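Heads up, the thing below is written out as structure tokens.
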Amino acid sequence: LKFTAVRKPFATGILYEGEPNPSLPLFLDEIAFEVRDALQDHFSPAGLRLSSGLTGSLAFCTFNGGRDVFVDVGSKAVGIRSLQRYLGLVERYFVDDENAVFEDELAHTLHVGDQFTRAGNDLLARKVASTLWVSEPAETLLFVERLRREISERRYSCI
């Protein structure tokens with residue numbers, strides 16, 4: 001398989017440059033899992049959880065993007081939690097226990113994504129937000145419009 005390495009300020013990855021291959025998704029999943037496991041062993045037990053901020057821990061995510069595999073510093077959960085905190089919706093910065101989900105906080109935010117598989121980059125968003133799994137941008141637009149109409153109808157029905 002032919003790949004090109006890519007470095008970004010807060011991420012690194014590989015891009016597949018070969019011919020179409022029906023086994024490519026499986027290969028990329030395996031690469032994402034192997035890299036995740038190696039980084040978890042290297043950095044800390046925090047791994048795919050949000051970092052507790054303890055010395056030696058680092059929040060990151062590895063994901064299969066369809067034709068690439070990337071490792072990002074942080075994760076969508078870190079980004080969503082930071083936005084929720086900035087908007088005053090939650091008090092906690094981190095979810096230290098991988099099994100801890102705070103239902104009252106999930107109600108404040110809806111994350112729309114298309115990569116909720118174990119090798120996707122939207123998976124961790126489920127820890128800090130309600131989620132909607134879509135398959136394409138047009139579907140996102142459909143649900144946003146439906147939500148906008150619902151909110152609008154409720155607002156006017158309460159007057």
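Throughout, read-outs are computed from the coordinates displayed, never taken from laboratory work. Small disclaimer: the values here were computed from a predicted structure and weren't measured. Ideal geometry is used to build each Cβ from the backbone, glycine not excepted, and the neighbour counts take in all protein chains shown.
Treating r as the C-beta distance of Leu24 and Leu147 and R0 as 41 Å, the FRET efficiency rounds to 0.75. May I ask for the net charge around Ser152, where only other residues with Cβ less than 14 Å from the Cβ of Ser152 are counted and Lys, Arg are +1 while Asp, Glu are -1? Once positives and negatives cancel, what remains is +2. In this structure, Glu139 and Leu110 have a Cβ-Cβ separation that, at R0 = 25 Å, corresponds to a calculated FRET efficiency of about 0.95.
Going 7 Å from the Cα of Arg118 in the Cα-to-Cβ direction, what parts of segment 1-29 have a backbone nitrogen less than 12 Å from that spot? Within reach of a label on Arg118: 29.
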